[in-house]
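S.K.: The structure that follows is given in the form of structure tokens.
The values are calculated or read from the model by the stated rules, or taken from the named source; none is laboratory data. Just so you know, these numbers come straight off a predicted model, no measurement behind them. As a convention, Cβ positions derive from the backbone with ideal geometry for all residues, glycine included, and neighbour counts pool all protein chains shown.
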Amino acid sequence: TQNWMWVYLTDEYSGSPRMVLFQYERTRAGYHPVEFLGDQFQGYFTCDGYQAYHSLPERIAVTGCMAHARRRFDESVTVLKKDFTKEQLKETTAYQAMARIGMFYK
């Protein structure tokens, strides 16, 4: 069976104590974060591209996960390596995107 771990983290600018909360669920349905966060929550929801999350209430802004974005560029670079020289590869959008994403983690 598949199960999902939902991870919530407080905003460092809210003035609330910093904490991480974990919620274990049997599905990845979009109603789990809505129920957990309550009717008053307004903020960001970072996730993969699962379509169900794009129907969350407007007060919850859906943002993309950087690891998932990076993975798509990495897949492109892997395919391009077969037909491009190293110099040509460095000029591709996929390679340059990977380099820019990598700068976040230095």
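S.K.: Give me the pairs: first residue in segment 64-93 and free of Cβ contacts under 8 Å to residues at least 40 places away in the same chain, second residue in a strand (DSSP E or B) and surrounded by 12 or more Cβ atoms within 10 Å (Cβ to Cβ), beta-carbon distance under 7 Å, and six or more apart or on different chains, which are they?
M.R.: The qualifying pairs are C65/T46; C65/C47.
S.K.: What single numbered condition from (1) outside any helix (DSSP H, G or I); (2) closer than 18 Å to W6 by Cα fails to hold for E35?
M.R.: So the condition that E35 fails would be (1).
S.K.: Evaluate the following for A69: is it surrounded by 12 or more Cβ atoms within 10 Å (Cβ to Cβ) and either out of contact with any strand residue (DSSP E or B) (no Cβ under 7 Å at 6 or more places or on another chain) or of a type outside the set (S, T, Y) (or both)? Give the steps one after another, and end with the answer.
M.R.: Working: surrounded by 12 or more Cβ atoms within 10 Å (Cβ to Cβ): yes; either out of contact with any strand residue (DSSP E or B) (no Cβ under 7 Å at 6 or more places or on another chain) or of a type outside the set (S, T, Y) (or both): yes.
In short, yes.
Let's see how each residue does on (1) over 29 Å from R100 (Cβ atoms); (2) touching a Ser or Thr at 6+ places or on another chain (Cβ under 8 Å):
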| position | (1), (2) |
| --- | --- |
| E12 | no, no |
| G30 | yes, yes |
| L37 | yes, no |
| T46 | no, yes |
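S.K.: Also: Which of the residues that make up segment 83-106 are exposed (fewer than 13 other Cβ atoms within 10 Å of the Cβ) and among the hydroxyl-bearing types (S, T, Y)?
M.R.: Within segment 83-106, T85, T93, Y105 qualify.
S.K.: Working only within segment 58-93, note down all residues that are at pLDDT 90 or above and either of a type in the set (F, W, Y) or assigned to a loop (DSSP other than H, G, I, E, B) (or both).
M.R.: Correct list: E58, R59, F73, K81, K82, D83, F84, T85, E91, T92.
S.K.: While we're on this one: Only one residue in Y44, Y105, Y53 is closer than 20 Å to L9 by Cβ and part of a helix (DSSP H, G or I). Which one? Give the steps one after another, and end with the answer.
M.R.: Numbers: Y44 fails: part of a helix (DSSP H, G or I); Y105 fails: part of a helix (DSSP H, G or I).
Y53 is the lone residue from the list that is closer than 20 Å to L9 by Cβ and part of a helix (DSSP H, G or I).
S.K.: In contact with a Cys (Cβ under 6 Å, 6 or more places away or on another chain) and surrounded by 10 or more Cβ atoms within 10 Å (Cβ to Cβ), is that true of T78? Reasoning before the result, please.
M.R.: Values: in contact with a Cys (Cβ under 6 Å, 6 or more places away or on another chain): no; surrounded by 10 or more Cβ atoms within 10 Å (Cβ to Cβ): yes.
When the stated conditions are applied, T78 does not pass them.
S.K.: Any residue in segment 23-46 that's under 18 Å from T63 (Cβ atoms): show its pairings with residues that are in a strand (DSSP E or B) and among the charged types (D, E, K, R) at Cβ separation under 7 Å, as long as the two are six or more apart or on different chains.
M.R.: H32/E25
S.K.: While we're on this one: In segment 44-56, which residue that is in contact with a strand residue (DSSP E or B) (Cβ under 8 Å, 6 or more places away or on another chain) and exposed (fewer than 12 other Cβ atoms within 10 Å of the Cβ) is farthest from A67 (Cα to Cα)?
M.R.: For segment 44-56, the residue satisfying everything is H54.
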